[in-house]
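Here is the structure we will look at.
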Amino acid sequence: MKSILDFSRAKREQLPIVLVAAYDALAARILAATEVDAILVGDSVAMVLHGFPSTVHATTEMMCTHVAAVRRGARRRWSWPTCRSSVFAAEKPRRPMPRAR
């Protein structure tokens, strides 16, 4: 998909979309070469890569690191963090997710 309007059109026309999670640049690069519509970076990274027992342990710093890595690996694909906002509500100071350089 090329823009948010494509997602809106897919929803309106009840077309399927394909979303896959990635946590690093290599996985993102591989997914970017497929027909995946968007790449998600979820708080599940705390469990999958960091070995925590739940997603509650995902921190803003952890998410920023993985979102930036995915953006570097898949520059032309949609990627965004997916997590419960309550996980980060207690963290101070809050900062925006970084743009990949």
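The values are calculated or read from the model by the stated rules, or taken from the named source; none is laboratory data. Please read these numbers as outputs of a predicted model, since none were measured by experiment. Note: ideal-geometry Cβ built from the backbone for every residue, glycine included; neighbour counts use all protein chains shown.
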Notebook entry, point to check: What is the number of the single condition among (1) at pLDDT below 90; (2) in contact with a strand residue (DSSP E or B) (Cβ under 6 Å, 6 or more places away or on another chain) that residue 37 does not meet?
Noted result: (2)
Checklist line | Among the residues listed as 46, 38, the single one being small (Gly, Ala, Ser), surrounded by 14 or more Cβ atoms within 10 Å (Cβ to Cβ) and over 20 Å from residue 74 (Cα atoms) | finding: 46
Item checked: Single residue of 26, 15 found to be surrounded by fewer than 16 Cβ atoms within 10 Å (Cβ to Cβ), out of contact with any Ser or Thr (no Cβ under 8 Å at 6 or more places or on another chain) and touching a residue at least 40 places away in the same chain (Cβ under 8 Å) -> 26
